[in-house]
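S.K.: Submitted below is the structure of interest, expressed as structure tokens.
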Amino acid sequence: MENPLFTIKGKVITGAKRGKLLGFPTANIKLNQNIPEGIYISTVEICHSVLDPESSQEILKPIRQAHGPEYIEGQVQKDNQKAVTFIGASKTFNETEIKAETYILEFDQNIYGQTIEVNLLKKIRDNKKFSLEKELIDQMNKDIKEAKKYFNLI
């Protein structure tokens with residue numbers, strides 16, 4: 001896996017829920033850095049907070065999938081979800097706020113309020129305005145197919 005172009009981290013917040021209505025529910029986080037707008041192939045690490053018994057401070061721990069973490073040479077590897085991330089203002093819906101919206105492939109869990117770390121690995125296209133929702137949905141399906149090829153899922 002290549003090094004990320006950018007890494008963003010934040011708490012999953014409620015968006016307009018438009019992605020869900022279009023069939024692509026997204027995990028939205030606030031964007032606090034300048035990243036070129038577009039669609040990125042990405043990975044996501046979902047974390048949950050626990051209380052450190054020694055310091056009573058909240059710390060973040062990765063949520064592991066049922067198959068558990070992978071071990072290589074005694075090191076725990078991150079158990080990342082594969083995803084497609086949109087960075088930008090939704091031109092199709094005449095929005096101006098720059099945001100980060102991540103569609104996690106083959107994932108169906110409620111993660112509102114949880115912290116995620118998104119690694120943007122490869123930009124696959126620029127932000128674009130679509131005339132019809134159907135055109136947007138068709139393009140999103142193409143973007144997801146490209147991401148699945150990248151991750152050798154198809």
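S.K.: In what order do 128, 149 fall by count of nearby beta-carbon atoms within 10 Å, going from fewest to most?
M.R.: Ascending number of Cβ neighbours within 10 Å: 149, 128.
S.K.: Continuing with the same structure: Residue 154: net charge of surrounding residues, Cβ under 9 Å, Lys/Arg +1, Asp/Glu -1, itself excluded?
M.R.: +3
S.K.: Fewest first, what order do 13, 104, 8 take by the number of other Cβ atoms within 10 Å? Provide the component values of the computation, followed by the final result.
M.R.: Details: 13 12, 104 24, 8 21.
Ascending Cβ contact count within 10 Å gives the list 13, 8, 104.
S.K.: Counting other beta carbons within 10 Å of each Cβ, put 86, 130, 24 in order, fewest first.
M.R.: 130, 24, 86
S.K.: With a point put 7 Å past each Cα toward its Cβ, work out how far residue 126 is from residue 151 in nm, to one decimal.
M.R.: Calculated label separation equals 2.8 nm.
FYI, it's all coordinate maths here, none of it is from the lab. As the structure is a computational prediction, the values presented were derived from the model and not from experiment. Neighbour counts run over all protein chains shown; Cβ positions are idealised from the backbone, glycine included.
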